[in-house]
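The values are calculated or read from the model by the stated rules, or taken from the named source; none is laboratory data. All of these numbers come straight from a predicted model, not from anything done at the bench. As a convention, Cβ positions derive from the backbone with ideal geometry for all residues, glycine included, and neighbour counts pool all protein chains shown. For the accessible areas, the whole protein counts, side chains as well, though only heavy atoms, and no ligand, DNA or RNA atoms are used. Shrake-Rupley method; radii C 1.70, N 1.55, O 1.52, S 1.80 Å.
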Amino acid sequence: MSRIIVIGAGQAGASLAGKLRTLGHEGEIILIGEEPAPPYQRPPLSKKYLLGEMPLERMYLKPESAYAEAGIELRTGARVDSIDTQHKTITVASETLGYDALAFTTGSVVRKLPPAIGGDLGNVFYVRTLADVDAMAEAFGKGGHVLVVGGGYIGLEAAAVAAMKGLKTTLIEAADRILKRVAAPETSDYFRKLHGAHGVDIREGMGLKTLIGENGHVTRAELADGSLLDIDFAIVGVGIEPATELAEAAGISCENGIKTDAQGRTSAEGVWAAGDCASFPYRGARIRLESVPNAIDQAEIVAENMLGASKDYLAKPWFWSDQYDVKLQIAGLNTGYDHVIERHLPKGSSHWYYKGSELLAVDAMNDARGYMVGKRLIEAGKSPPREAVANPETDLKAFLKA
Ligand code: FAD
């Protein structure tokens, strides 16, 4: 009977292992995760869980017992240390296990501030794991002044939680605007204003020089312009790197992640990858997506292919972010856009990204309908004229039929 090992018990790993079983794989499935918890959802870490509005049990993708019931051997708190792709073995703790097929779902590694600028001081927190967020609960409880380093989605969501909890909140972003890497200036403007209305002091074009500690704990931050802030703790959200170390050490090709073909195969025979850690071909380019929908959809296609299907993964990128009472929903990828059309409705608004006359992506703020129709248009390869989108009276659904 064949044995499939899945390395990384997160969103993609749990989806992949579960799908293998529902597809009828009868051999062993071993799902190995370094974290002590069974697979859980990460989005609430910077939203409801951080706010204290979501109990731990609801974070888990399913109860731990469900894995055994499905015949999946879940090993938590176990790090895979090496892989031998020639002999088809892995080592985990001091054990060597053979595999017939192997999948990487190792996710991402959070980028940390170097110790030379105080990145290792106490009360400097990151937002990647349950342990990270649990560690900051005490600091949140005490209140005071928090410095958020990084104005991407995670930094902004953490800042929103801090402001909602009544903390004095300062957010610095080294680029000239928040969300610069992922969104248009119009979307940055929207969220800058939103945070301003909640009292968050957003400073753009402002790097961090160093964090200064007393008795090993951060107490001050020196910013790039030399100004000093007295702070009680810091939350750092400066991005992630795909977790490729293990794959690289095994000689597996990596290029902005573990390189796969359109079906999820890596350069090593019988070895596959899905989720945050995998880069794959997409419309003539190679991309990597960091989102829950991608982790699930890609993992499920890879499971099918591991069992003999031959299906290309056709990504349909979408993402969301919650800040205060605003739900941002994003469909498509805006890479290469040259126009942004704003569409304002009585409730909610949306920003539509075009390259020439081609619709690429939509950012919808409290506009679920705009998001849904935008997503369907993008997936159908249909692009309404830009003037039609700008007019709030236009029924955009009509363009789906066109
Ligand atoms: P992960 O969920 O990171 O799982 C990988 C697992 O592999 C980890 O548990 C890791 O410990 C383990 N691992 C790595 N190496 C080894 C090894 N050698 N041995 C054993 N185990 C190993 N996405 C959205 O779509 N919407 C959101 O609103 C959103 N918000 C987010 C908020 C936060 C705070 C974070 C951190 C992420 C958010 N994301 C969001 C992104 C989303 O959570 C990720 O894209 C998704 O979790 C990726 O799933 P994955 O399984 O690829 O990786």
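Values for this structure:
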quantity: Unmet requirement for V80, which otherwise passes all of (1) near the ligand (Cβ under 9 Å from one of its atoms); (2) within 20 Å of the chain's Cα centre (by Cα); (3) open to solvent by less than 20 Å² (accessible area, probe 1.4 Å); calculated: (2)
quantity: Members of segment 354-388 found to be in contact with a helix residue (DSSP H, G or I) (Cβ under 9 Å, 6 or more places away or on another chain) and of a type in the set (V, I, T), listed by number; calculated: V362, V373
quantity: Answer from H87, H25 - the residue that is under 30 Å from S253 (Cβ atoms), open to solvent by 40 Å² or more (accessible area, probe 1.4 Å) and assigned to a loop (DSSP other than H, G, I, E, B); calculated: H87
quantity: Selection from segment 155-194 of residues that are part of a strand (DSSP E or B) and under 15 Å from S321 (Cβ atoms); calculated: L171
quantity: Count of residues meeting criterion [open to solvent by 20 Å² or more (accessible area, probe 1.4 Å), at pLDDT 95 or above and more than 11 Å from the ligand (Cβ to nearest atom)] in segment 315-332; calculated: 2
quantity: Top-ranked residue in segment 237-251 [being under 21 Å from E34 (Cβ atoms) and β-branched (V, I, T); ranked as surrounded by the most Cβ atoms within 10 Å (Cβ to Cβ)]; calculated: T244
quantity: Some residue of segment 220-233 being in contact with a Gly (Cβ under 6 Å, 6 or more places away or on another chain) and away from the ligand (no atom under 13 Å from the Cβ); calculated: yes
quantity: Qualifying position, being of a type in the set (D, E, K, R), under 25 Å from N294 (Cα atoms) and open to solvent by 50 Å² or more (accessible area, probe 1.4 Å), among E57, E69, E95; calculated: E57
quantity: Residues of segment 111-154 that turn out to be within 23 Å of L328 (Cα to Cα), among the β-branched types (V, I, T) and in a strand (DSSP E or B), as a count; calculated: 2
quantity: G18 being more than 20 Å from the chain's Cα centre (by Cα), small (G, A, S), part of a helix (DSSP H, G or I) and more than 22 Å from T85 (Cβ to Cβ); calculated: yes
quantity: Count of residues meeting criterion [free of Cβ contacts under 8 Å to residues at least 40 places away in the same chain, of a type in the set (A, V, I, L, M) and under 19 Å from K180 (Cβ atoms)] in segment 336-360; calculated: 1
quantity: For P36: the one exception among (1) open to solvent by 50 Å² or more (accessible area, probe 1.4 Å); (2) touching a Gly at 6+ places or on another chain (Cβ under 6 Å); (3) under 22 Å from A278 (Cβ atoms); calculated: (3)
quantity: Matching residues, segment 1-22, being of a type in the set (A, V, I, L, M, F, W, C) and open to solvent by less than 50 Å² (accessible area, probe 1.4 Å); calculated: I4, I5, V6, I7, A9, A12, A14, L16, A17, L20
quantity: Any hit, segment 192-212, residues being acidic (D, E), more than 27 Å from D134 (Cα to Cα) and exposed (fewer than 15 other Cβ atoms within 10 Å of the Cβ); calculated: no
quantity: Extreme residue, farthest from the chain's Cα centre (by Cα), among residues of segment 90-110 that are away from the ligand (no atom under 12 Å from the Cβ) and assigned to a loop (DSSP other than H, G, I, E, B); calculated: S94
quantity: Residues within segment 335-374 that are in contact with a His (Cβ under 9 Å, 6 or more places away or on another chain) and more than 24 Å from A285 (Cα to Cα), tallied; calculated: 6
quantity: Residue tally, condition within 16 Å of the ligand (Cβ to nearest atom) and surrounded by fewer than 17 Cβ atoms within 10 Å (Cβ to Cβ), over segment 252-281; calculated: 1
quantity: Criterion: among the acidic types (D, E), closer than 29 Å to D363 by Cβ and touching a Lys or Arg at 6+ places or on another chain (Cβ under 9 Å) - qualifying residue of D189, D225; calculated: D189
quantity: Pairs, first closer than 10 Å to F233 by Cβ in segment 144-155, second open to solvent by 30 Å² or more (accessible area, probe 1.4 Å) and in a strand (DSSP E or B), C-beta under 8 Å, six or more apart; calculated: G144/K168; H145/K168; H145/D230; V146/K168
quantity: Segment 111-143 - residue that is within 16 Å of the ligand (Cβ to nearest atom) and among the basic types (K, R) and, of those, farthest from V236 (Cα to Cα); calculated: R128
quantity: Some residue of segment 165-175 being touching a helix residue (DSSP H, G or I) at 6+ places or on another chain (Cβ under 7 Å), farther than 20 Å from L223 by Cβ and more than 16 Å from the ligand (Cβ to nearest atom); calculated: yes
